[in-house]
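Here's the structure, in structure tokens; my notes come after.
The values are calculated or read from the model by the stated rules, or taken from the named source; none is laboratory data. The structure presented is a predicted model; accordingly, all values stated were derived computationally and were not measured. Quick reminder, even Gly has a Cβ in these numbers, built from the backbone with ideal geometry, and neighbours come from all protein chains shown.
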Amino acid sequence: MGALILLAAGWLRVFAALPVSDGDVAALRSRDSLLISGALLHILQDVGPNLLRASLIIVPTVLLLWIAAATFGRMSTLELLLPGYPRGRAAFVGVLVANVLRAAWAMAMLLTCLFTLGAASLIALRFSPNHEEPNFLVYFLLIAIALPIELLLWAAVNWFLSLTPLFSVRDGQGWLGAARLTLSAVRKRRGDLFSVSSRFGVWRLVALVAALALTAALGAVVSFLVGPRSVAGTVIVLSLAYLAVADWLYVARLAAYIELVNSPAAEVAPRTELAPSGPPAVGSQRTADPFQP
């Protein structure tokens, strides 16, 4: 949370110093896409160097804060959920490496998405009959195909990396050892793990939608009754409430993962083979003599 506040504060400070002319304001208020694009390009040309310098300072700081918070938070949570398991330096290093890889993977996928948007713009401009205006159908078709694939790829790798700290703390393994154990667990309990992830993901989505709906409704009511300055307090309170619910769901999902990986896999009961039926052997059954008393 502190990392996000630092990121937002730094960028807001840069955007607050934007030199926006009256012509840019008029272009932004128009409904002409070319005028709006030209105004944004003119504004970014002025603020681009300042934004780049601020990003080079803020983004690494935010990543370091997130890595530190995620590492110590995950270690504390797993130590509470896994009492009696070995503790050591290897477990801490395994959790740290997992979070570093998650942050690096997120940044790589973000840059990939930005590159996809730029490449889609160039391709749409190339296949447009008017080379001064892009072909929006081609543009939206490209991003509708590429971005979901990239999002699913990021989610799959991030999910795998988020599982490795569990095995690092439980077995006192470094990241490579924990990755091997995670891969083995995913192969054995793939369906159960995906089921747990999907269920808690649905509940987290429900909480997010409810928080957004409450924020919109209460923000409008508070703005009407008290004033627009009180809306920020409402947004902050509801955001903190959502983060608390999301953290609780995250811990519950982690506990469900631990229950799955610690429980033995379901064993198939041995099949009982029946002896083939056939006629009884000769002499195996005594036939009663009707004339014998």
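Conditions (1) under 30 Å from Leu181 (Cα atoms); (2) part of a helix (DSSP H, G or I); (3) more than 15 Å from the chain's Cα centre (by Cα), marked per residue:
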residue	(1), (2), (3)
Met107	yes, yes, no
Ser121	no, yes, yes
Pro129	no, no, yes
Leu142	no, yes, yes
Leu161	yes, yes, no
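Applying the selection to the range 78-105, what residues are within 12 Å of Arg170 (Cα to Cα), in contact with a Leu (Cβ under 9 Å, 6 or more places away or on another chain) and part of a helix (DSSP H, G or I)?
Result: Leu78, Leu81, Ala91, Gly94, Val95.
Can Arg204 be described as in contact with a Pro (Cβ under 9 Å, 6 or more places away or on another chain), of a type outside the set (A, V, I, L, M) and part of a helix (DSSP H, G or I)?
No: the conditions fail for Arg204.
Looking at the range 187-212, which of the residues that are in contact (Cβ under 8 Å) with a residue 12 or more places away in the chain and over 19 Å from Tyr250 (Cβ atoms) is surrounded by the fewest Cβ atoms within 10 Å (Cβ to Cβ)?
Once the filter is applied, the top-ranked residue is Lys188.
Scan the range 104-139 for residues that are buried (at least 17 other Cβ atoms within 10 Å of the Cβ) and under 15 Å from Leu151 (Cα atoms) and jot them down.
Within the range 104-139, Met109, Thr116 meet the criteria.
Find the residue count for the range 184-217, including only residues that are closer than 21 Å to Ser168 by Cβ and out of contact with any helix residue (DSSP H, G or I) (no Cβ under 8 Å at 6 or more places or on another chain).
Number satisfying all stated conditions: 4.
Check Leu82 against each of (1) out of contact with any Phe, Trp or Tyr (no Cβ under 9 Å at 6 or more places or on another chain); (2) over 26 Å from Ala255 (Cα atoms) and name the one condition it does not meet.
The single condition Leu82 does not satisfy is (2).
Of the residues Ala210, Ala241, which single one is at pLDDT 80 or above and over 25 Å from Ser195 (Cβ atoms)?
When all the criteria are applied, what remains is Ala241.
Restricting attention to the range 164-196, and to residues there that are small (Gly, Ala, Ser) and over 25 Å from Arg89 (Cα atoms), which single residue is modelled with the highest pLDDT?
Restricting to residues being small (Gly, Ala, Ser) and over 25 Å from Arg89 (Cα atoms), the top hit is Ser195.
Being in contact with a Phe, Trp or Tyr (Cβ under 6 Å, 6 or more places away or on another chain), closer than 24 Å to Ala103 by Cβ and not basic (Lys, Arg) is the requirement here; does Ala185 meet it?
No; evaluated as a whole, the condition is false for this residue.
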